[in-house]
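Below is one structure, written out as structure tokens; the observations come after it.
The values are calculated or read from the model by the stated rules, or taken from the named source; none is laboratory data. Predicted model only: the values in this text are computed from it and were never measured. Every residue, glycine among them, receives a Cβ derived from its backbone with ideal geometry; neighbour counts consider all protein chains shown. For the accessible areas, the whole protein counts, side chains as well, though only heavy atoms, and no ligand, DNA or RNA atoms are used. Shrake-Rupley method; radii C 1.70, N 1.55, O 1.52, S 1.80 Å.
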Amino acid sequence: MSEKRTISVVQEVAAPAKQVYRAFASAQGLLEWIGDTVEADPRDGGRFYIWLNAGFYASGTYVHLEEDHKVAFTWRGNTDAEETRVRVLIEEAGDGAKITLFHDEVVEAAVEVYTKEWENSLANLKSVLETGVDRRLFDRPMLGFYIGGLVDDHLQDRLSLPVDYGVHVSGVLEGMGAERSGIQQDDVITVLDGIEIRRFPQIGDVLRKFKGGDTIDTVVYRGAERLELAVELSKRPIPDFPAAPAELAGGLAELYRNLLGDLKTALADVSEEESGRKPSEGEWSVKEVLAHLLISERWTTWALDLHPAGNKFPRYPGDNRTYEALAAVYSLKGLLKELKITVKLIVKLIGTLPEAYADNKGAYFLMFNNYEQGVRTHFEQHTAQIRAAIETVRKGDAELAPA
């Protein structure tokens with residue numbers, strides 16, 4: 001019989017015990033520092049499931065919870081032959097807390113691996129609780145481009161692609177590796193490090209093997225032209241911690257006013273008939289683009305209600321059927337009015353966030369890190385899409401007009 005041991009890992013954090021407890025005893029808390037997909041029922045006998053994008057997953061049952069002090073659960077990873085047990089002791093330590101994690105009954109062959117993984121994970125928990133920064137994300141290198149989606153029949157036709165797979169580049173980040181290596185807007189990345197990219201998670205799987213400053217062999221299609229590029233990977237910049245809710249809401253209110261003003265200008269002389277026509281098969285009409293923006297902002301209102309209450313982020317609900325239905329039900333003016341109302345609601349919800357939510361740095365950073373830039377980019381891209389759709393529709397009308 002293989003010898004079994006107990007692993008002991010200690011980590012001190014500058015955060016209150018209640019936040020440490022939440023990190024182990026809630027689905028959203030676990031998502032912020034150790035899991036990529038999590039289900040958890042934090043009660044005696046309640047089960048949990050943690051899945052990591054790297055392919056590891058574990059499940060277990062909570063066997064003891066003492067609020068803000070102790071958490072114990074069974075544990076069995078997909079590489080483990082037997083179930084083990086983890087005990088977490090949380091103690092006050094000065095202005096923060098001391099975490100002592102015991103992992104019992106670990107077979108000798110797994111001791112080194114589990115010790116290293118728990119040390120790394122608790123170090124990441126410290127970072128999340130103290131600064132909001134999830135090192136799993138910010139220690140990972142980035143290519144530095146905006147993902148426009150996976151290649152489909154429409155994109156293949158529009159860009160004259162000889163391949164039916166890959167990731168569309170909708171834009172590049174200034175000064176980052178993709179731009180410096182020659183990648184351009186409307187390029188399609190088909191291969192990274194010899195791996196054909198057919199699904200979004202494959203990008204992360206490849207990048208985990210590299211660090212900032214490395215170069216990665218990349219195959220790119222620019223229309224029908226096949227390019228082989230050595231793309232430099234950039235270190236991921238760590239943004240500043242978000243402003244307090246009231247200040248953040250004020251800045252966003254001004255940003256939204258400007259973005260909605262640009263959108264109104266783009267729609268100034270567009271007729272109801274024009275707004276409902278698709279520029280070409282498979283592309284969104286102007287009203288469908290507005291429907292997409294509306295659903296995106298409504299999703300934010302749901303997230304702002306659910307997430308501060310300790311729930312996980314809701315899944316994004318929009319798809320083409322939803323946009324088509326909204327475009328059929330609402331007029332152009334009606335969609336724009338609903339979008340403006342929803343934006344006002346978002347600003348109100350942010351400005352009235354409970355103080356305790358902002359104090360929980362992991363949750364607050366996750367919710368609002370780069371939120372302003374994300375909103376700006378999203379609106380600007382789709383406002384440009386609306387202008388292009390209008391131009392295409394009107395060009396088609398002009399070509400059909402009698403001489």
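What whole number of Å gives the distance from the Cα centroid of region 116-176 to the Cα centroid of region 276-309?
Centre-to-centre (Cα) distance: 22 Å.
Can you give the calculated 222 nm mean residue ellipticity of the chain, where each DSSP H run of n ≥ 4 adds -39,500 (n - 2.57) and the sum is split over every residue, rounded to the nearest 500 deg cm²/dmol? Provide the component values of the computation, followed by the final result.
Details: 15 runs with 178 residues, N = 403.
After summing the helix terms and dividing by the residues of the chain, the value is -13500 deg cm²/dmol.
What whole number of Å gives the distance from the Cα centroid of region 35-77 to the Cα centroid of region 219-260?
34
Obtain the radius of gyration and the Kirkwood radius of region 221-268 from its C-alpha atoms and give Rg over Rh.
Values: Rg = 19.7 Å, Rh = 15.4 Å.
Reported Rg/Rh, Kirkwood definition of Rh: 1.28.
Provide the descending list of Cα extents for region 46-149 along its principal axes, expressed in whole angstroms.
So the three principal-axis extents are 45, 40, 28 Å.
Which of the peptides 170-180, 289-299 is most tightly packed, and how do the rest follow, going by the mean number of other Cβ atoms within 10 Å of each residue?
Values: 170-180: 17.3, 289-299: 21.5.
Highest mean packing first, the order is 289-299, 170-180.
What are the semi-axes of the equivalent ellipsoid of region 61-216, taken as the square roots of 5 times the eigenvalues of the Cα gyration tensor, listed largest first and rounded to whole Å? Don't skip to the end; give the middle numbers.
Details: eigenvalues 359, 76, 42 Å².
Rounded to whole Å, the semi-axes are 42, 20, 14.
Can you list the lysines whose alpha carbon sits under 27 Å from that of Lys4, skipping same-chain ones fewer than 8 residues off?
Reachable lysines: Lys70, Lys98, Lys116.
Based on the Cβ-Cβ distance from Lys209 to Val163, what FRET efficiency comes out when R0 is 35 Å, to the nearest 0.05? Before the final figure, lay out the partial values.
Details: r = 24 Å, r/R0 = 0.68.
The pair Lys209/Val163 has a calculated efficiency of 0.90.
Please state, as a whole number in µm²/s, the translational diffusion coefficient that the Stokes-Einstein equation yields for region 99-140 at 25 °C and 0.890 mPa s, with Rh defined as the Kirkwood radius across alpha carbon pairs. Mind dumping the intermediate values first?
On the way: Rh = 11.5 Å.
For these conditions, the coefficient is 214 µm²/s.
Give me the base-10 log of I(q)/I(0) for region 191-255 at each q in 0.26, 0.29 Å⁻¹, Debye formula, one uniform scatterer per Cα, rounded to two decimals.
-1.17, -1.31
Sort largest first and round to whole Å: the equivalent ellipsoid semi-axes of region 253-403, each the square root of five times a Cα gyration tensor eigenvalue. Working shown, then result.
Working: eigenvalues 233, 44, 31 Å².
Semi-axes, largest first: 34, 15, 12 Å.
Under unit Cβ charges (Lys, Arg +1; Asp, Glu -1), what dipole magnitude, rounded to 20 debye, does region 72-193 have relative to its Cα centre?
It comes to approximately 260 debye.
Leaving out ligands, DNA and RNA, what percent of the accessible area of the chain is carbon and sulfur, probe 1.4 Å? List each step's numbers first, then the result.
Numbers: 10270 of 20530 Å².
Carbon with sulfur: 50 percent of the solvent-accessible area.
What are the semi-axes of the equivalent ellipsoid for the chain, taken as the square roots of 5 times the Cα gyration tensor eigenvalues, largest first, in whole Å?
Working: eigenvalues 386, 148, 68 Å².
So the equivalent ellipsoid measures 44, 27, 18 Å along its semi-axes.
Using a/c under 1.5 as the rounded threshold, could you call region 134-266 rounded, prolate or oblate? The axes a ≥ b ≥ c are square roots of the C-alpha gyration tensor eigenvalues, and prolate needs a/b larger than b/c, oblate otherwise.
Working: a/c = 2.41, a/b = 1.35, b/c = 1.78.
Because a/c hits 1.5 or more and a/b fails to exceed b/c, region 134-266 counts as oblate.
As I understand it, the dipole of region 302-397 uses +1 on the Cβ of Lys and Arg and -1 on the Cβ of Asp and Glu, about the Cα centre. Which of Leu332, Ala384, Asn320 lies farthest toward its positive end?
Leu332
Could you sort 203-211, 128-136 so that the peptide with the highest average Cβ count within 10 Å comes first and the rest follow in order?
Numbers: 203-211: 14.7, 128-136: 20.6.
Taking the mean over residues of other Cβ atoms within 10 Å, the ranking is 128-136, 203-211.
Could you size up the charge dipole of the chain around its Cα centre, putting +1 on the beta carbon of Lys and Arg and -1 on that of Asp and Glu, and report it in debye to the nearest 20? Don't skip to the answer; put the middle values down first.
Working: 46 positive and 64 negative charges, 120 e Å.
Result for the chain is approximately 580 debye, rounded to the nearest 20.
Hey, what's the chain come to in accessible area per residue, 1.4 Å probe, Å²? Intermediate results must be reported in sequence, preceding the final value.
Values: 20530 Å² over 403 residues.
That works out to 51 Å² for each residue.
Positive end of the dipole of region 233-364, charges at C-beta (+1 Lys, Arg; -1 Asp, Glu), about the Cα centre: which of Pro239, Leu252, His292 has its Cα farthest in that direction?
Comparing the listed Cα positions along the dipole, Pro239 ranks first.
Given a Förster distance of 35 angstrom, what is the FRET efficiency for Thr322 paired with Glu196, based on the Cβ-Cβ distance and rounded to 0.05? Please report the intermediate quantities before stating the final value.
Values: r = 31 Å, r/R0 = 0.87.
About 0.70, to the nearest 0.05.
Just to confirm the number: angle between the C-alpha axis of helix 371-400 and the first principal axis of the chain, 0 to 90 degrees, nearest 10?
Rounded to the nearest ten degrees, it is 30.
Any idea which of Ala358, Pro42, Asn78 is furthest toward the positive side of the dipole for the chain, if Lys and Arg beta-carbons carry +1 and Asp and Glu beta-carbons -1?
Among Ala358, Pro42, Asn78, the one farthest towards the positive end of the dipole of the chain is Ala358.
Counting only Cα atoms, I'd like the Rg/Rh figure for region 277-350, Kirkwood definition for Rh.
Values: Rg = 13.6 Å, Rh = 13.1 Å.
Taking Rg over the Kirkwood Rh, I get 1.04.
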